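Undergrad: The structure under discussion is supplied below as structure tokens; questions concerning it will follow.
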Amino acid sequence: MDQARNIFLVGFMASGKTSVGIALTRLSGWPLVDADDEIVRRSGKSIEMIFRDSGEDAFRELEQLAIKDLCQKEGRIVAAGGGAFLDEENRSRMLEYGEVFCLNAKADTIHQRLSAQAGNDAVRPLLSGNDPVDRIQELLTERQEAYSQAHHTIQTDKLTPNEIANLILLTCGLEPRATESR
């Protein structure tokens, strides 16, 4: 494979996109851009405020614009929001402008990671109901078709962010920086 133009990390919340992106940046020297952070920066509002004030459709429009712009440059690691790859336009762009890695984890693992995260209240409405693990599994099943279109899928349950980052670099034909210890 030729060297990737960009590396896109997609997948469900708490699948490891941010932590793997940070490890990739450290190992590759490529900058990490979080698509949700880009939306917040551009709009001047938190994701929760965008949803509350303008609705999901407005958020998805902002997300499409951010993804479109992020695809215009090369040599970036882009961590996309959990739902970004579900949108056909976003998915097509990411697949065209870089290597897309879907980071996958089991519902139990995702629930454990979410429970361990501080400030978790923002994601809980999506998981409302009696059993959050069942809800996570339901959402993973709904998203499976879109996620399966990624160039590569990595099961993250038992791997560290550094191990995943090294797998991604190897797959993309990129060498880790010599100053970095493995």
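Undergrad: What number of residues in the range 116-136 are in contact with an Asp or Glu (Cβ under 9 Å, 6 or more places away or on another chain) and either at pLDDT 85 or above or crowded, with 16+ Cβ neighbours inside 10 Å (or both)?
TA: Residues that pass the stated criteria total 2.
Undergrad: Within the bounds of the range 1-16, is there any residue that is of a type outside the set (A, V, I, L, M, F, W, C), surrounded by 21 or more Cβ atoms within 10 Å (Cβ to Cβ), under 26 Å from E138 (Cβ atoms) and modelled with pLDDT of 95 or more?
TA: Yes, the range 1-16 contains at least one residue that is of a type outside the set (A, V, I, L, M, F, W, C), surrounded by 21 or more Cβ atoms within 10 Å (Cβ to Cβ), under 26 Å from E138 (Cβ atoms) and modelled with pLDDT of 95 or more.
Undergrad: Could I ask something else about it? Name the strands (runs of 3 or more DSSP E) wholly within the range 1-84 that hold at least 3 residues that are in contact with a Gly (Cβ under 8 Å, 6 or more places away or on another chain) and within 26 Å of E163 (Cβ to Cβ)?
TA: 6-10, 76-79
Undergrad: Can you say whether A105 is within 18 Å of E163 (Cα to Cα) and either among the acidic types (D, E) or in contact with a helix residue (DSSP H, G or I) (Cβ under 9 Å, 6 or more places away or on another chain) (or both), as far as the supplied structure shows?
TA: Details: within 18 Å of E163 (Cα to Cα): yes; either among the acidic types (D, E) or in contact with a helix residue (DSSP H, G or I) (Cβ under 9 Å, 6 or more places away or on another chain) (or both): yes.
Yes.
Undergrad: Cβ-Cβ distance below 8 Å, separation of 6 or more or different chains: which pairs start in the range 167-182 with a residue that is at pLDDT below 60 and of a type in the set (S, T, Y) and end on one that is surrounded by 15 or more Cβ atoms within 10 Å (Cβ to Cβ) and assigned to a helix (DSSP H, G or I)?
TA: Pairs found: none.
Undergrad: Hey, can you tell me all the residues within the range 80-105 that are of a type in the set (S, T, N, Q) and under 14 Å from the mean Cα position of the chain (by Cα)?
TA: The first filter runs over the range 80-105 and keeps only residues of a type in the set (S, T, N, Q), leaving 90, 92, 104.
The answer is N90, N104.
Undergrad: Out of all the residues in the range 129-156, which are in contact with a helix residue (DSSP H, G or I) (Cβ under 7 Å, 6 or more places away or on another chain) and closer than 11 Å to F12 by Cα?
TA: Result: I136, Q137, L140, R143, Y147.
The values are calculated or read from the model by the stated rules, or taken from the named source; none is laboratory data. Because the structure is a prediction, the values reported are computed rather than measured. Glycine also receives a Cβ, built like all others from the backbone with ideal geometry; neighbour counts cover every protein chain displayed.
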